[in-house]
Amino acid sequence: MVEHDQTWPQAAPEKLDRSETLLELVMAHDAIPHFHNDAGVRAIGIPAKKLMCIGARPPQDHPHVFLDMGGDDEIVCPYCSTLYRYRADLHGQDSDPPGCAWTPDAGDAMA
């Protein structure tokens with residue numbers, strides 16, 4: 001029988017905090033909508049102020065970058081220069097032009 005150190009959580013809280021933070025990051029990543037700009041349009045209207053820009057769809061994508069508009073209603077991706085504009089009239093996976101939302105395949109690790 002293996003004995004467990006009952007003091008471990010108290011002795012190493014930083015290990016618990018880091019693993020919980022990583023789990024929260026992974027979960028948040030999956031909840032953030034992803035958008036692409038295969039059409040090469042100047043601006044895309046989206047229903048969210050926090051997003052991941054992937055540039056073009058894989059395999060021509062750029063590094064997937066998290067963008068947060070904060071109090072603004074638009075933001076420019078530093079990789080592909082796509083201008084994203086928040087639009088309250090759009091919902092879910094809507095975009096203007098249509099079809100710019102991207103959902104990672106189950107096999108895509110941290111897409």
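Laboratory data are not the source of any read-out in this text; all were calculated from the coordinates shown. All values reported here derive from a predicted model rather than from experimental measurement. All Cβ positions, glycine included, derive from the backbone under ideal geometry; neighbour counts span all protein chains shown.
Here are some notes:
- For E74, distant residues with modelled amide H under 5 Å away: Y86
- Taken one residue at a time, the phi angles of region 81-89 give Karplus couplings (6.51, -1.76, 1.60, θ = phi - 60°) of 6, 5, 8, 9, 10, 6, 10, 5, 7 Hz. Gly and Pro are set to x.
- For H34, the amide hydrogen comes within under 5 Å of the amide hydrogens of M52, W102, counting only partners 5 or more places away or on other chains and with H modelled in the peptide plane.
- Amide H contacts of S95 (H built 1.01 Å from N, under 5 Å, at least 5 apart or other chain): C100
- Whole-Hz couplings from phi, Karplus 6.51/-1.76/1.60, listed for region 64-72; x for Gly and Pro: 6, 10, 7, 10, 10, 6, x, x, 8
- Relative contact order of region 33-111, taken over Cα pairs closer than 8 Å and 6 or more residues apart, is 36 percent.
- Separation in nanometres of the label points that stand 7 Å from Cα toward Cβ, at D72 and V41: 2.0
- FRET efficiency estimate (nearest 0.05) - Cβ-Cβ, H91 to A56, R0 30 angstrom: 0.80
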